[in-house]
Amino acid sequence: MEPNKKGLMRWAWLLVSAVLAASLISVAGMTFHDVVHSTIPTAPGGWVLRFDDDFSGPAGSLPDRSKWRFDLGQRYPGGPPHWGTLEVETYTADPANISLDGHGHLLITPRRDAEGNWTSARIESNRDDFKAPEGGVLRIEARIQIPAVTGAAAQGYWPAFWALGAPYRSSVEWPQMGEFDIMESINGSNGVWGTLHCGIYPLGPCHEPRGIAAKLICPGVGCQAAFHIYTFEWDRSVAPAELRWYVDGHPLNRVVQDQLPQDTWDDMTSHGGYFLLLNVAMGGGFADTLAGFHTPSPATEPGHPMIVDYVAVWTRDGGSQAPFPLWRSAMKGNAQSVNGL
């Protein structure tokens, strides 16, 4: 080969290698998260976008009120105190606790005042009709960086992305109507939980209050160090139907219809649908149990936000068989089925 062609070939190979390396880094680790706002993925044919928010808007503004409502205080009106979980914060609509950053992200930030009182934020989608169509699939997804804090400074942090059955808004007893915890992280550990709550409390077929749960160490880069994509699918295109959880396409948890009594499954799937929630709780039974002491502690650091890049919901009807690409979905990851705490 002539010298100039060798040089051109070497240059081209180096360029391709650099592009491939950058792609692998950005996909596997999302290391560009500090500056990049991702667009909501374009679904393949057969999928319909039902809801989305990319949190565009001026810095310091609140999330879109046409899409989201605020939970305030320490309980639902008429509901159990401390949201039924023993968490200690008071939820507010203060931009210090919840606001857009002006770069396409939502920040939910726990704060502690001089008297030691904690505040944070929790929002729900106004829509509560998200469900899998007959013979089809529901897909709920968010790209999130959980609070970047670990160790003693993280004790009590409990960020979450989840969905509750619409009947809860009309005072149906929890957890009969169903709860899909798509992502929960506790006390700054490098792992996230995916959990189904259902049936009766206590105990029942979902072992309440623990639920049917699994934990996954975040693939690639640690949970607190980067954005990860948290996905939940309710699949009625297969028999028996399935509920599936993923982190960056890695399987986290899976519940099959015939694992549960038929009446339990019907209670959580036959109503009008689900609404979405985003929040950062502080303390509570889950955090206390895993820590082995009451949280948050005096060493817990306030001011570390959960950063949400986008939230989206799609459905695929029974006439389409097009799968939604899950990168690296064939890999098993490091999921641990725990069936409780």
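The lone criterion from (1) surrounded by 19 or more Cβ atoms within 10 Å (Cβ to Cβ); (2) over 23 Å from residue 127 (Cβ atoms); (3) modelled with pLDDT of 95 or more left unmet by residue 335 is number (3). Residues of the stretch 40-49 that are surrounded by 17 or more Cβ atoms within 10 Å (Cβ to Cβ) and either modelled with pLDDT of 95 or more or in a strand (DSSP E or B) (or both): 47 alone.
You will find that of 56, 120, 125, the residue that is surrounded by fewer than 17 Cβ atoms within 10 Å (Cβ to Cβ), among the hydroxyl-bearing types (Ser, Thr, Tyr) and on the phi < 0 side of the Ramachandran plot is 56 and no other.
With respect to being farther than 30 Å from residue 100 by Cβ, in contact (Cβ under 8 Å) with a residue 24 or more places away in the chain, surrounded by fewer than 20 Cβ atoms within 10 Å (Cβ to Cβ) and not acidic (Asp, Glu), residue 239 falls outside the description. Residue-level analysis places residue 183 outside the set of residues that are farther than 20 Å from residue 88 by Cβ, part of a loop (DSSP other than H, G, I, E, B) and among the aliphatic types (A, V, I, L, M). Mind telling me which of the residues 236, 210 ends up being out of contact with any Leu (no Cβ under 6 Å at 6 or more places or on another chain) and at pLDDT 95 or above? Just a single option satisfies the conditions, and that option is 236.
Candidates in the stretch 238-251 are the residues that are in contact with a Ser or Thr (Cβ under 9 Å, 6 or more places away or on another chain) and not β-branched (Val, Ile, Thr); of these, the one that is farthest from residue 194 (Cα to Cα) is 241. Can residue 280 be described as under 21 Å from residue 87 (Cβ atoms), assigned to a strand (DSSP E or B) and among the β-branched types (Val, Ile, Thr)? Against the criterion (under 21 Å from residue 87 (Cβ atoms), assigned to a strand (DSSP E or B) and among the β-branched types (Val, Ile, Thr)), residue 280 qualifies. Report yes if some residue within the stretch 254-266 is among the aliphatic types (A, V, I, L, M), at negative phi and not in a strand (DSSP E or B); otherwise report no. Among the residues of the stretch 254-266, at least one is among the aliphatic types (A, V, I, L, M), at negative phi and not in a strand (DSSP E or B), which makes the answer yes.
Please verify whether residue 34 is charged (D, E, K, R) and modelled with pLDDT of 50 or more, treating the condition exactly as stated. Answer is no for this residue. Listed by first and then second residue, the pairs linking a residue in the stretch 282-297 that is without any contact (Cβ under 8 Å) to a residue 60 or more places away in the chain to a residue that is not aliphatic (A, V, I, L, M), with Cβ atoms under 7 Å apart and 6 or more places separating them unless they lie on different chains, are 294/288.
The values are calculated or read from the model by the stated rules, or taken from the named source; none is laboratory data. Only a predicted model underlies this, so the values are computations on that prediction, with no experimental measurement involved. Cβ coordinates were reconstructed from backbone atoms using ideal geometry, including for glycine residues, and neighbour counts include every protein chain displayed.
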